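Chemist: Below is one structure. I have some questions about it.
The values are calculated or read from the model by the stated rules, or taken from the named source; none is laboratory data. The structure displayed is predicted, hence computed values, not measured ones. Note that each Cβ is placed from the backbone with ideal geometry, even for glycine, and that neighbours are counted across all protein chains shown. Just the protein is used for accessible areas: all its heavy atoms, side chains included, with ligands, DNA and RNA removed. Shrake-Rupley method; radii C 1.70, N 1.55, O 1.52, S 1.80 Å.
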Amino acid sequence: AMSPPAKLAIIWIHGLGDRGSSWVDLKREMGMPLEATWKFPDAPTVPVTCNQGHASTSWFDIETIPVTGEAKDYPADIEASVKKIHGMISEYEKEGYQPNEIFVGGFSQGGALSLQSVLRYPRTLGGAICSKCGLMRDVWCQSDHGAAVDA
């Protein structure tokens, strides 16, 4: 008997001021040979410090651009966004995807959120796909099941 085709579930997270719908062509551009299901969530529209407090789609507040190593992190914002992404990962698991078939990726602010979401999920996921981002230094990386994560 042939084994079923490999499948992937991907959550792609946009950057500051963007929307998930801007990234839907990524499905075609990646040219992935595997069956893949994609989700492109939208960040809430909130005041953003680096935009002089003007409202923008943002996963968490950002003090300045470019972001530096000394930049302040906003843990409550990050926590809320990680919780939203973890909810989407749980939905994929309920649909029958194994944790190692689930990938979370993103661009810039979305890439930073993808790292947080994958490192802090209670099960080992397939991976994080990040473009133009970094790991937020002041946010303690500990998975929800209590194991510390090497970052």
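Chemist: Do we have residue 9 as outside any loop (DSSP other than H, G, I, E, B), more than 15 Å from the chain's Cα centre (by Cα) and of a type in the set (A, V, I, L, M, F, W, C) here? First the steps, then the outcome.
Modeler: Working: outside any loop (DSSP other than H, G, I, E, B): yes; more than 15 Å from the chain's Cα centre (by Cα): no; of a type in the set (A, V, I, L, M, F, W, C): yes.
In short, no.
Chemist: How many residues does the stretch 120-137 hold that are modelled with pLDDT of 90 or more and open to solvent by 50 Å² or more (accessible area, probe 1.4 Å)? Walk me through how you get there before you give the answer.
Modeler: Going residue by residue through the stretch 120-137, those that are modelled with pLDDT of 90 or more are 120-128.
Cutting the leftovers down to open to solvent by 50 Å² or more (accessible area, probe 1.4 Å) gives us 123-124.
So the count comes out to 2.
Chemist: So, one more: Can you tell which of 72, 84 is in contact with a Pro (Cβ under 9 Å, 6 or more places away or on another chain) and of a type outside the set (A, V, I, L, M, F, W, C)? Walk me through how you get there before you give the answer.
Modeler: On the way: 72 fails: in contact with a Pro (Cβ under 9 Å, 6 or more places away or on another chain).
One residue alone meets the criteria, 84.
Chemist: Sort through 15, 87, 111 and tell me the only one that's open to solvent by less than 50 Å² (accessible area, probe 1.4 Å) and assigned to a loop (DSSP other than H, G, I, E, B).
Modeler: On the way: 87 fails: assigned to a loop (DSSP other than H, G, I, E, B); 111 fails: assigned to a loop (DSSP other than H, G, I, E, B).
Of 15, 87, 111, the one residue that is open to solvent by less than 50 Å² (accessible area, probe 1.4 Å) and assigned to a loop (DSSP other than H, G, I, E, B) is 15.
Chemist: Within the stretch 75-95, how many residues are under 13 Å from residue 60 (Cα atoms) and of a type in the set (D, E, K, R)?
Modeler: 4
Chemist: Could you tell me whether any residue of the stretch 95-106 is out of contact with any Leu (no Cβ under 7 Å at 6 or more places or on another chain), surrounded by fewer than 18 Cβ atoms within 10 Å (Cβ to Cβ) and at positive phi?
Modeler: Looking through the stretch 95-106, at least one residue is out of contact with any Leu (no Cβ under 7 Å at 6 or more places or on another chain), surrounded by fewer than 18 Cβ atoms within 10 Å (Cβ to Cβ) and at positive phi.
Chemist: Still on this structure: Identify, by number, the condition in (1) touching a strand residue (DSSP E or B) at 6+ places or on another chain (Cβ under 8 Å); (2) at positive phi; (3) polar (S, T, N, Q) that residue 52 doesn't meet.
Modeler: The single condition residue 52 does not satisfy is (1).
Chemist: Among the residues of the stretch 50-61, write down those that are outside any loop (DSSP other than H, G, I, E, B) and surrounded by 14 or more Cβ atoms within 10 Å (Cβ to Cβ). Give the derivation first.
Modeler: Applying the first criterion (outside any loop (DSSP other than H, G, I, E, B)) to the stretch 50-61 yields 50-51, 55-57.
Within the stretch 50-61, 50, 51, 56, 57 meet the criteria.
Chemist: Of the conditions (1) open to solvent by less than 70 Å² (accessible area, probe 1.4 Å); (2) closer than 19 Å to residue 116 by Cα; (3) modelled with pLDDT under 90, residue 64 clears all except one; give me its number.
Modeler: Result: residue 64 passes all but (2).
Chemist: Are any residues in the stretch 67-84 of a type in the set (D, E, K, R) and either within 22 Å of residue 51 (Cα to Cα) or surrounded by fewer than 12 Cβ atoms within 10 Å (Cβ to Cβ) (or both), and if so, which ones?
Modeler: From the stretch 67-84, those of a type in the set (D, E, K, R) are 70, 72-73, 77, 79, 83-84; that's our starting set.
Answer for the stretch 67-84, where residues must be of a type in the set (D, E, K, R) and either within 22 Å of residue 51 (Cα to Cα) or surrounded by fewer than 12 Cβ atoms within 10 Å (Cβ to Cβ) (or both): 70, 72, 73, 77, 79.
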